[in-house]
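K.L.:
Structure incoming, see below.
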Amino acid sequence: MSILHKTALAGGLAVLLCSSALAQGLSGKVVGFSQIGSESGWRAAETSVTKAEAERLGIDLKFADAQQKQENQIKAIRGFIAQGVDAILVAPVVATGWEEVLTEAKEASIPVVLLDRGIEAPEDLYLTSVASDQVKEGRVAGEWLVGAVGDKECKVVELQGTVGSSPAINRKQGFEEGIAGAANVSIIRSQTGDFTRSKGKEVMEGFIKAEGGGAGICAVYSHNDDMAVGAIQAIKDAGLKPGTDILVVSIDAVPDIFAAMVAGEANATVELTPNMAGPAFAALDAYLNGGTVPEKFIITESKLYTPADDPQGEYDRRKGLGY
Ligand code: AHR
């Protein structure tokens, strides 16, 4: 049930306030969006969806690409505050270091919505956070692997996301929880690939070299699909078969991982919707127009996909969506 629907159920007065809020919408509102950058296909899709949603709703979206740097995000947020925007969206590159700038936004009475990543800061510094349950994503990936290998010994190499980012921290924790009950499954190497395809390939090449050509590696767990696609290339370059000699499990569900599944080179992915803006704008609409304070954490779904789930169809459904 959406936030607006829940609000409408709260009582007669709320229903009246809510309907007038819905009638007003966000048309003409100015919203600043501090995006991390364009490190992955998923990130590109989130940017496209956010811009398209803003256009559909008549929002004047001020977009700032931080090129993976927190200092650029802080500068952009300060710029939005100086312009007097109606609201700010932030996809925070790392989890710490936000208190000062978010306090400035709060003092200027500008609501801030976090997109796709969490932060370590007092909750009153942001209106709401729209993100997946990243620990669950890792757990789903780990549980899938445990089921896939059965009793066989399985040595796993892990490609972590950006150091200090909430998905890197939480997806690591979740996967460890997912394999905790299986003594035959263990992580033997773990390193950051910074969520990019090129670093995923480079780090996987290092893992294969360090593990005697890769023969002892049973699976690669990657914190996103782009690094997994890079790892798949590294496995092929080493003369091994991704998806068979080395299992590949990752997170995002971008078109390229479904193409890899069709080719038999990837085994599982956990979906992360790129549509964080839909729930974010709905929450802002209710808040700015009706004073309704949304839930603090709006959690998106985390669905597992394997080659049994029509990967060609999934590829076709997603390929035009900005990935
Ligand atoms: O925060 C979400 C993560 O950021 C995505 O899983 C990854 O692809 C992106 O870089």
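K.L.:
Would a scan of the stretch 141-151 turn up a residue that is over 21 Å from ALA286 (Cβ atoms), touching a Pro at 6+ places or on another chain (Cβ under 7 Å), in the same structural domain as ILE188 (by TED's automatic domain parsing) and small (Gly, Ala, Ser)? Steps first, please.
P.N.:
Initial filter on the stretch 141-151 (over 21 Å from ALA286 (Cβ atoms)): 141-151.
In the following step, the residues that additionally are touching a Pro at 6+ places or on another chain (Cβ under 7 Å) were identified as none.
Within the stretch 141-151, none of the residues are over 21 Å from ALA286 (Cβ atoms), touching a Pro at 6+ places or on another chain (Cβ under 7 Å), in the same structural domain as ILE188 (by TED's automatic domain parsing) and small (Gly, Ala, Ser).
For (1) surrounded by 15 or more Cβ atoms within 10 Å (Cβ to Cβ); (2) over 21 Å from the mean Cα position of the chain (by Cα), each residue gets a yes or a no:
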site: GLU176; (1), (2): yes, no
site: SER186; (1), (2): no, yes
site: THR196; (1), (2): yes, no
site: GLU205; (1), (2): yes, yes
site: SER222; (1), (2): yes, no
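K.L.:
When you look at ALA105, is it closer than 16 Å to VAL31 by Cα and away from the ligand (no atom under 16 Å from the Cβ), yes or no?
P.N.:
Spelling it out, ALA105 is indeed closer than 16 Å to VAL31 by Cα and away from the ligand (no atom under 16 Å from the Cβ).
K.L.:
Identify the single condition in (1) within 16 Å of the ligand (Cβ to nearest atom); (2) closer than 22 Å to VAL163 by Cβ; (3) in a helix (DSSP H, G or I) that PHE258 does not satisfy, given that it satisfies every other one.
P.N.:
All conditions pass for PHE258, except number (2).
K.L.:
If you scan the stretch 112-158, which residues turn out to be away from the ligand (no atom under 16 Å from the Cβ), among the β-branched types (Val, Ile, Thr) and over 16 Å from SER34 (Cα atoms)?
P.N.:
Scanning the stretch 112-158 gives VAL146, VAL149, VAL156, VAL157.
K.L.:
Give the stretch 284-316 a look and list any residue that's within 19 Å of the chain's Cα centre (by Cα), within 25 Å of ALA52 (Cβ to Cβ) and not in a loop (DSSP other than H, G, I, E, B), or say none.
P.N.:
PHE297, ILE298, ILE299, THR300, TYR305, GLU314, TYR315
K.L.:
Could you list, ordered by first residue, the pairs with Cβ atoms under 7 Å in which the first is in the stretch 270-295 and of a type in the set (Phe, Trp, Tyr) and the second is not in a loop (DSSP other than H, G, I, E, B), at least 6 apart or interchain?
P.N.:
Listed pairs, sorted by first residue: PHE281/GLU53; PHE281/LEU57.
K.L.:
Okay, next question. Counting only residues that are basic (Lys, Arg) and touching a strand residue (DSSP E or B) at 6+ places or on another chain (Cβ under 9 Å), how many does the stretch 54-77 have?
P.N.:
Residues in the stretch 54-77 being basic (Lys, Arg) and touching a strand residue (DSSP E or B) at 6+ places or on another chain (Cβ under 9 Å): 2 in total.
K.L.:
Those residues that are buried (at least 21 other Cβ atoms within 10 Å of the Cβ) and among the aliphatic types (A, V, I, L, M), I need them from the stretch 136-153; list them, please.
P.N.:
VAL140, ALA141, LEU145 - these are the residues of the stretch 136-153 that are buried (at least 21 other Cβ atoms within 10 Å of the Cβ) and among the aliphatic types (A, V, I, L, M).
K.L.:
Inspect all residues belonging to the stretch 245-255 and state whether any of them is more than 16 Å from the ligand (Cβ to nearest atom), farther than 21 Å from THR50 by Cα, touching a residue at least 24 places away in the same chain (Cβ under 8 Å) and surrounded by fewer than 24 Cβ atoms within 10 Å (Cβ to Cβ).
P.N.:
yes
K.L.:
Next question. How about the stretch 129-185: which of its residues are more than 21 Å from ALA210 (Cβ to Cβ) and part of a strand (DSSP E or B)?
P.N.:
Matches in the stretch 129-185: SER129, VAL130, ALA131, SER132.
Results for (1) within 16 Å of the ligand (Cβ to nearest atom); (2) part of a helix (DSSP H, G or I); (3) at positive phi, shown as yes or no for each residue.
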{"residue": "ARG189", "(1), (2), (3)": "no, no, no"}
{"residue": "GLU202", "(1), (2), (3)": "no, yes, no"}
{"residue": "VAL220", "(1), (2), (3)": "yes, no, no"}
{"residue": "GLY230", "(1), (2), (3)": "yes, yes, no"}
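K.L.:
Among the candidates ALA266, ALA253, which residue alone is outside the structural domain of GLU39 (by TED's automatic domain parsing) and over 19 Å from the mean Cα position of the chain (by Cα)?
P.N.:
ALA266
K.L.:
Name the residue, out of ALA44, ALA91, ALA87, that is in contact with a strand residue (DSSP E or B) (Cβ under 9 Å, 6 or more places away or on another chain) and either hydroxyl-bearing (Ser, Thr, Tyr) or within 13 Å of the ligand (Cβ to nearest atom) (or both).
P.N.:
Just a single option satisfies the conditions, and that option is ALA91.
K.L.:
Quick test for you: out of ALA277, ALA308, pick the one residue that is modelled with pLDDT of 95 or more, assigned by TED's automatic domain parsing to the domain that holds ILE119 and of a type outside the set (D, E, K, R).
P.N.:
Testing whether each residue is modelled with pLDDT of 95 or more, assigned by TED's automatic domain parsing to the domain that holds ILE119 and of a type outside the set (D, E, K, R) leaves just ALA277.
The values are calculated or read from the model by the stated rules, or taken from the named source; none is laboratory data. For clarity, every value in this text was computed on a predicted model and none was experimentally measured. Here Cβ is always computed from backbone atoms with ideal geometry, including for glycine, and neighbour counts include all displayed protein chains.
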